[in-house]
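What follows is a set of notes on a single structure, which appears directly below.
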Amino acid sequence: MLIVGGGPAGLAAAIAAREKGFRVLVADCSHPPIEKPCGEGLMPDSLAVLRRLGVSVGPSESFPFRGIRFLQAGSSVEAPFPSRHGLGVRRAVLHRLLVGRARESGAHLVWDARVTHLGMNSVTLDDQTVRCRWIVAADGQNSLIRRWAGLDRRRHWKCRFAFRRHYRIAPWTDYMEIHWGNGCQIYITPVSPEEVCVVLMSHDRCLRLDHALPMFPELHIPLRGVPASAESGALSVSAGYESVTDGRVVLMGDASGSVDAITGQGLHLSFQQALALAAAIESGDLTAYQSAHRSLMQRPMLMSRLLLTLDRFPAVRGRALQALAAKPEIFSHLLAAHLGTETLASVVAGQALPLLCRLLPVPGMRSKGERCCGVQ
């Protein structure tokens, strides 16, 4: 198996395939550790899959958080995770751990190498032909392998803009916090006893943390003047493709589709896809991976749409947070459904339906959130 892309998705696929006994070559044009602006929070379900892959994150390289808290001026609601805890982990630290585990498993890793051509049963890697039975595209949202294989036909595609910076300050909470504003959110994830990761998400490509933080007085004062890293940006894409395999080329990770970062489920999806891909290749039937991939995407995609509805309709969001603060047990069940320990259908039918009926947008309701950040 040749895996193009040595990020977390490609490395997870390498580890899972090696555990099935396959020979694996991973090629990436970058050199580790590979950075990517992200929220750096691993949910309990992500940590569980990492443990299945043989990757453990030490306490000296992470910071635990025990739940999720939503905040908006005048209201807040929080819920602990149903079991265990999440971890804030610097992306570079996670990548280093995955690289080490992939090497330990017996995968062959080639860095600073570029794939320039895709053949029937081979690729051209730095002017050398590498023959392989399976080619896995784990080369990100702008995947060249996906395009060369003719798998670029989209079902949907939307994007937002994310900007990340680390701040040298002791975490003030053991929750991951999402601060909601008009047309944007700020995510706070503790990543060490002396540092927090701060991410701004919005539809406005021009909005930066220095401009957004004054909109959040509770954050602006403690974070002022203590940055520990430069601001870096990335796209947060919600995308789906008609097919993720043509029988020899397989898409995974962001190359295969993604959900908005508001869900915090991007890495979990990649890790689950790695396990599903290894099982499908072992059986010799990649259609099983296509089916598993579609199933894995369903819940995060639905939760993404629900959360982005709160972003789009500020009036609904305000009423929702107030209602959930009054009945925090509903928020706890929704978080459990988000993590897959409960079904969303059972939560809605059992507790949330009356709340949703009162809060759903009505015809003619205007979305004002995006305009507040300069998007017309």
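For the chain, the share of DSSP beta bridges that are antiparallel, to the nearest 5, is 75%. Taking amide H atoms as placed 1.01 Å from N in the peptide plane, the amide H of Ser122 lies under 5 Å from those of Cys132, each 5 or more residues away in sequence or on another chain. Per residue, the average separation of C-alpha pairs within less than 8 Å and at least 6 apart gives region 101-235 a relative contact order of 21 percent. When the helices in the chain are scored as -39500 (n - 2.57) per DSSP H run of 4 or longer and the sum is shared across all residues, what 222 nm value do you end up with, to the nearest 500 deg cm²/dmol? Taken over the chain, the calculation gives -10500 deg cm²/dmol. Region 112-176 and region 57-101 have Cα centres separated by 24 Å. The 3J(HN,Hα) values that the Karplus relation (6.51, -1.76, 1.60; θ = phi - 60°) gives for region 200-210 are, in residue order, 9, 10, 6, 8, 9, 5, 9, 6, 10, 4, 4 Hz. Gly and Pro appear as x. Taking the average, over residues, of other Cβ atoms within 10 Å as the packing measure, peptides 221-233, 4-16 rank 4-16, 221-233 from highest down.
Taking only Cα atoms, what is the 0 to 90° angle, nearest 10, from helix 8-19's long axis to the longest principal axis of the chain? Helix 8-19 sits at roughly 50 degrees to that axis.
Compute the normalised compactness of region 187-253: alpha-carbon radius of gyration over 2.2 N^0.38 Å, N being the residue count.
Ratio of Cα Rg to 2.2 N^0.38 Å: 1.62.
Backbone geometry of region 214-230 corresponds, through the Karplus equation with coefficients 6.51, -1.76 and 1.60 at θ = phi - 60°, to 3J(HN,Hα) couplings of x, 6, 10, x, 5, 9, 4, 5, x, 8, 5, x, 10, x, 10, 8, 6 Hz, x marking Gly and Pro. Relative to the longest principal axis of the Cα atoms of the chain, the long axis of helix 314-326 makes an angle of roughly 80 degrees. Computed over the chain, relative contact order equals 22 percent, with contacts defined as Cα pairs under 8 Å that lie 6+ residues apart. Each of Ser295, Ser30 was scored by other Cβ atoms within 10 Å of its Cβ. Listed from fewest to most, they are Ser295, Ser30. Across region 42-171, Cα pairs under 8 Å and at least six residues apart give a relative contact order of 15 percent.
Show the residues, 5+ positions off or on another chain, whose built amide H is closer than 5 Å to the amide H of Cys159. Residues meeting the amide H criterion: Ser238. With respect to the chain, whose longest principal axis is taken over its alpha-carbon atoms, helix 287-312 is tilted by about 20°.
Since every read-out is calculated from the coordinates, none of them should be taken as a lab result. Bear in mind that the values here come from a model prediction, so they are computed numbers and not experimental data. Neighbour counts run over all protein chains shown; Cβ positions are idealised from the backbone, glycine included.
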